[in-house]
Protein chains: 2
Amino acid sequence: MQNIPRTVFIISDGTGITAETFSHSILAQFETNFHQIRLPFVNTMDRARQALQEVNNNASKYGLKPIVFSTLVNQEINELIHSSNAMVMDMFHTFVAPLENELNLKSTHAMGRFHQNIETQSYKDRIEAINFSLAHDDGQSHKNLEDADVILVGVSRSGKTPTCLYLAMQYGIKSANYPLIPDDFERGTLPTELHKYRTKLFGLTIEPQRLSQIRNERRPGSKYASLENCRYEVNEAQSMMERENIPWLSSTHKSIEEISTTILQIIKSDKNLY
Amino acid sequence: MQNIPRTVFIISDGTGITAETFSHSILAQFETNFHQIRLPFVNTMDRARQALQEVNNNASKYGLKPIVFSTLVNQEINELIHSSNAMVMDMFHTFVAPLENELNLKSTHAMGRFHQNIETQSYKDRIEAINFSLAHDDGQSHKNLEDADVILVGVSRSGKTPTCLYLAMQYGIKSANYPLIPDDFERGTLPTELHKYRTKLFGLTIEPQRLSQIRNERRPGSKYASLENCRYEVNEAQSMMERENIPWLSSTHKSIEEISTTILQIIKSDKNLY
């Protein structure tokens, strides 16, 4: 019985993605296994009854209370889910009620507010930024480069592309990226196109060992992937960044979320992004 | 005084991105303005004291208690932030304490667990899926198409690319996308390459009006963007999806999060993605 993973339901009237990500983080604090099930779009009493049934069935089947993380704005739906045979972590009302007191304001209790509305400017900005980042991936285009909020530079496979896409998708930040290649190192200067955007540049570097490992997955045994070549490129790229006064960080041990957060901290002081 | 937006701090020992997204959703329930400031990487007592200072300065400056959403695992850091002149919404301990009781387990209180660890399989899967989706964007490559978890089809600008990237980035799902073009409609069949992957196909459609508007932003006044042509393409694409028995949905009023959630619900019943 000890080895049955506890079931965790994420029940939301929207996608439940934020609640799911949040509950992951909370549950990662416990050294045991969980079985997570997301029940999205629980925005009618019918769906709420189905969800209730599913939770209660799970409780009977395993003889263990499931854990429910809920973000349900509607009072009636919320009460129904609270009546389940589960431990309910009400992520919505736990915080909304004290905020109503502090702000001396009633919440709108509007469903759908909890998730992204595609009519908002911030949603449109995100989609536009994704398109921008795709069009300006890997130095593909110099068109409209002046519109970029940030231009990442670094050797091939240092993490520029996923970081750009993350910045676009999460924050609507238009980010381009530009590879630093052996030609640039021989010439000893930044690619010509970048000179006038110097203030937008941000560098990514990476440990040569890690770079060689990543490149070997793509082109096993190539000169491109060899540790010697990776050492050379990384060294040259770092020297160039220091010479040109480009802020940079190492992506070796950082997730795209962490890299993006650090970049934002730096570019935020110049631009008012929030 | 009524018009000063309340300051909301997101204080985290990691990136604070999840807490930020979550607090956005909660605050969207109130019809007033907030000024959000994220303070990431508060993982030492030094940084905690800086954060405390910033919160308290804000309180004095505006004569209003700031609101703090915190996800701080470390007890000492957490207590320091709780001592601030703010209303603290402790997103971490609020849920961890009751879970410890229910699970009869102590949490590890390990910092860093709260955010993505790049050494986990799920992180590696996400990065690999991003690369896969980029390589298989817009029918660019048929190589390794059999590795795709899902292949989105639809007319140009129906939302395939951002959805694929979101599925990859959030869930590590390898998604390819393939445009349906007038050639396919004239021939009256799916692109040849897709025949053997019929079970992986998922269709996106869009209202012709909305499509015409999106395409006009790209190529104003073109035949491609004309309402008449958009009507034709959308009609043909929908007929093809129905004929070929491809599940589909309309992206017109849906965010990439909502589209992705619906796709996951459908493909999940086949594959054990969780």
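None of the figures in this text is laboratory data; all of them are computed from the coordinates on show. Note that this is a predicted model, so its numbers are computed, not measured. Heads up, the Cβs are rebuilt from the backbone with ideal geometry, glycines too, and the neighbour counts pull from every protein chain shown.
Charges were assigned to the Cβ only: +1 to each Lys and Arg, -1 to each Asp and Glu. The resulting dipole of the protein assembly as shown about its Cα centre is roughly 220 debye.
Cross-link list A:Lys223/B:Lys143; B:Lys106/B:Lys174; A:Lys254/B:Lys254; B:Lys65/B:Lys106: which exceed 29 angstrom alpha carbon to alpha carbon?
Details: A:Lys223/B:Lys143 24 Å; B:Lys106/B:Lys174 36 Å; A:Lys254/B:Lys254 32 Å; B:Lys65/B:Lys106 33 Å.
The answer is B:Lys106/B:Lys174; A:Lys254/B:Lys254; B:Lys65/B:Lys106.
In the assembly of identical copies, A:Pro247 has its label point, taken 7 Å from Cα in the direction of the beta carbon, separated from the corresponding points by 4.4 nm (ascending, one decimal).
Listing A:Glu76, A:Glu244 from fewest to most neighbouring C-beta atoms within 10 Å gives A:Glu76, A:Glu244. Remark: the stretch A:54-185 carries a charge dipole of roughly 380 debye about the Cα centre, counting +1 on each Lys and Arg Cβ and -1 on each Asp and Glu Cβ.
Each of A:Ile11, A:Asn33, A:Leu52 was placed along the dipole of the stretch A:6-103 (beta-carbon charges, centred on the mean Cα), and the one lying farthest toward the positive end is A:Asn33. The trypsin sites (Lys or Arg not before Pro) of the stretch A:113-161 that meet both conditions, a loop assignment by DSSP and at most 14 other Cβ atoms within 10 Å of the site Cβ, are A:Lys143. Of the residues B:His195, B:Ile127, B:Asn245, the one whose Cα sits farthest toward the positive end of the charge dipole of the stretch B:121-268, with +1 on the Cβ of Lys and Arg and -1 on the Cβ of Asp and Glu, is B:Ile127.
Counting Cβ atoms of other protein chains within 10 Å of each Cβ in A:129-137 and taking the mean gives 2.
Just checking the output field for B:162-170: average partner chain Cβ neighbours within 10 Å of each residue's Cβ? Numbers along the way, then the final one.
Details: counts 9, 0, 0, 8, 5, 0, 2, 6, 4.
Partner-chain Cβ atoms within 10 Å, mean over residues of B:162-170: 4.
Within 10 Å of each candidate Cβ there may be at most 15 other Cβ atoms; applying that plus a DSSP loop requirement, which trypsin sites (Lys or Arg not before Pro) in the stretch B:200-274 survive? All intermediate terms of the calculation are to be shown ahead of the outcome.
Values: sites: B:Lys200, B:Arg210, B:Arg215, B:Arg218, B:Lys223, B:Arg231, B:Arg243, B:Lys254, B:Lys268, B:Lys271; in loops: B:Lys223, B:Lys254, B:Lys271.
Those satisfying the criteria are B:Lys223, B:Lys271.
For chain A, averaging the sequence separation of C-alpha pairs within contact (under 8 Å, six or more residues apart) and dividing by the residue count gives a relative contact order of 13 percent.
Just need the relative contact order of the stretch A:141-227 here, percent rounded to a whole number, with Cα pairs under 8 Å and 6+ apart. RCO, the stretch A:141-227: 32 percent.
Per residue, the average separation of C-alpha pairs within less than 8 Å and at least 6 apart gives the stretch B:6-103 a relative contact order of 32 percent. Arranged from fewest to most other beta-carbon atoms within 10 Å of their beta carbon, B:His136, B:His24 become B:His24, B:His136.
Please compute, for peptide A:91-103, the average count of beta-carbon atoms on other protein chains lying within 10 Å of each residue's beta-carbon.
Details: counts 6, 3, 0, 5, 12, 4, 0, 4, 9, 2, 1, 7, 7.
The shielding value for this peptide is 5.
The charge dipole of the stretch A:6-103, taken about its Cα centre with unit charges on the Cβ atoms of Lys, Arg (+1), Asp and Glu (-1) only, comes to about 440 debye.
Counting other beta carbons within 10 Å of each residue's own, what order do B:Met240, B:Met45 fall into, fewest first? It would help to have the intermediate numbers written out before the result.
Details: B:Met240 19, B:Met45 13.
Fewest to most other Cβ atoms nearby, the residues stand as B:Met45, B:Met240.
Between the label point of B:Lys61 and that of the same position in each other copy, find the distances and list them shortest first in nm, with every label point placed 7 Å from Cα along the Cα-to-C-beta direction. Those label-point separations list as 5.3 nm.
Placing a label point 7 Å from Cα along the Cα-to-Cβ direction at B:Thr44 gives distances to the equivalent points in the other copies of 5.6 nm, listed shortest first.
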